[in-house]
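Below you'll find the structure, written out as structure tokens, and then a few comments.
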């Protein structure tokens, strides 16, 4: 079975996410590692994020992590280094999000501010399934079980638990993979 590249998108520390969202992200990271799939996330420079915390937990559980960073250098926040670090050459908010999202088979959004919204919009335009956790606020909550626009390309699929998030991501990611493989 193919290893899916599962993107975790979510609030950065400057949005002051809560302990429940942090615990959710970490548990999800562990589950992705246990499933032997690949966790893809935006490697931040200034501070941690829910996606970084998920990647750290995946790594602690022998998972493969891919961090997509802005710019050209390897300088990212904290001591943690992903299995693979990709420098997009593009700035955060200025294109890095395209490299990040288009590297995913499916994305899971947890809470999220404007960066997460941008990533969700890119996924929507590209036909990449979007799973949303609707209990921590942010854009994931706002777009729960909704289409991003009137084109109604794909609905943001709402889940409540870490297990449901992974299961739905595997189902939707595999469907997309089967429909787009060469």
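Read the figures in this text as sums done on the coordinates, not as results from a lab. Because the structure is predicted, anything quoted here is derived from the model rather than measured. Please note: Cβ atoms are built from the backbone with ideal geometry, for glycine as well, and neighbour counts cover all protein chains shown.
Taking the Cβ-Cβ separation of residue 153 and residue 79 as r and a Förster radius of 45 Å, what is the calculated FRET efficiency to the nearest 0.05? Let's see the in-between values first.
Values: r = 40 Å, r/R0 = 0.88.
E(calc), rounded to 0.05, equals 0.70.
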Candidates 154, 117, 50, ranked by Gaussian network fluctuation over the chain, Cα under 10 Å, top entry: 154
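Calculate for the chain the 222 nm mean residue ellipticity that helices alone would give, adding -39,500 (n - 2.57) per DSSP H run of length 4 or more and normalising by residue count, nearest 500 deg cm²/dmol. Please list the in-between numbers first.
Working: 6 runs with 71 residues, N = 182.
Using -39500 (n - 2.57) per qualifying helix, the result is -12000 deg cm²/dmol.
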Highest-fluctuation residue, 42, 127, 18 considered, GNM on the chain with Cα pairs under 10 Å: 18
Antiparallel DSSP beta bridges within the chain, percent to nearest 5: 5
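Would you kindly state how much longer the chain becomes between residue 46 and residue 161 on full extension, computed as 0.36 nm times their sequence separation minus their alpha carbon distance, in nm to one decimal? Show your work: numbers first, answer last.
Numbers: separation 115, 0.36 × 115 = 41.40 nm, distance 2.88 nm.
Between residue 46 and residue 161, full extension yields 38.5 nm more.
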GNM top mover of 72, 135, 155 - the chain, alpha-carbon springs below 10 Å: 72
Isotropically averaged projected area of the stretch 5-180, using the convex hull of Cα atoms (one quarter of hull area), nm²: 8.8
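Could you give the length gained by full extension between residue 175 and residue 146, i.e. 0.36 nm per residue of separation minus their alpha carbon distance, to one decimal place?
Numbers: separation 29, 0.36 × 29 = 10.44 nm, distance 1.96 nm.
Full-extension gain reported as 8.5 nm.
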The chain, relative contact order in percent, only Cα pairs under 8 angstrom and at least six apart counted: 22
